[in-house]
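**Q** There's a structure below that I have some questions on.
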Amino acid sequence: MHSIFHLLKRDIMMRLHDCKATFLFISLAALLIYFVSFWNSYKSGQLDQHHILNNYMNVFHSLNFFELHELYSQHKFSIPFTWICFQVFPLLIIGHFSYNDFQKSGTLLIPKLNNKIAFWLSKMFSLCFFCLIIWIVWFSFYFIFFLIFKGTIVIGEIKPVLALMLIQFLVTVVYTLVFETLTYFFSFIISLVISIVYLIISIFVQTKFFFTSLAIPGRWYFADHSPINMMYSNGSAIHFPIFIGVITLFCTLCCFIGLLLIKKIDILGDY
């Protein structure tokens, strides 16, 4: 048990060390996206009319880099470019750390653990912790910019925003876990392409099994903030227990596939 916790601590520190440059660069890109969105809202006067929930949905859904404002105003075309960026950014940050670490350090680590299961579980939990760090930083950016441009935050309005942020965090954890599992089968580029294709499909297909769409503000709204019941724009509802069940299913599948794969691969990473 001591070895497992030591490995988890090691994985967390290794992720932070290996990804710090990429994390810094992409966080600066996230900072720029926030600034542009808040500045546009401020200049147009929309920020004065929005409370924090509406503004959160505006930041994560409506920033458009492709000059499609006319189509947006006519409600003919809507692609959440900002949201896509914030889903893909964590994939770029984590890279293929898990598979690379298996290749480089498996010969030293796995014999000390007596089995390969602990190795994979450590990678999963360290990934979850790293995603938490990512979103704490990025959500802090959001609140800082809101205070700078708006000047005040009404405490009573924060609860639904925190619920949205929780959903985004959970989706990121599962999405990055699926991506990291794919890196054991394919190269980083192919895994990234598969993940992005899944992400794009989730924008246009409203189904709970394309779970990433559940983190799109504006695609659905909270019907009841208490149990966090969500409703799609087409009127179909999804309740929070179902959402938890879906992401639990994906986590279980990734865990099972990862364990089978790591048992199949020898310590050096060769089949």
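The values are calculated or read from the model by the stated rules, or taken from the named source; none is laboratory data. Quick caveat, the model's predicted, so the values are computed rather than measured. Here the Cβ is made from the backbone with ideal geometry for all residues, glycine too, and neighbour counts use every protein chain on show.
**Q** When the range 145-197 is examined, which residues are found to be among the β-branched types (Val, Ile, Thr) and either touching an Asp or Glu at 6+ places or on another chain (Cβ under 9 Å) or closer than 15 Å to residue 51 by Cα (or both)? Let's see the steps before the verdict.
**A** At the first step, the residues of the range 145-197 found to be among the β-branched types (Val, Ile, Thr) are 148, 152-155, 158, 161, 167, 171-174, 176, 178, 181, 183, 189-190, 193-194, 196-197.
Once the filter is applied, which keeps residues that are among the β-branched types (Val, Ile, Thr) and either touching an Asp or Glu at 6+ places or on another chain (Cβ under 9 Å) or closer than 15 Å to residue 51 by Cα (or both), the range 145-197 yields 148, 152, 153, 154, 155, 158, 161.
**Q** Ok, one more. Which residue out of 127, 162, 132, 91 is out of contact with any Cys (no Cβ under 8 Å at 6 or more places or on another chain), closer than 23 Å to residue 38 by Cβ and at pLDDT 80 or above?
**A** Within the list 127, 162, 132, 91, the selection yields 162.
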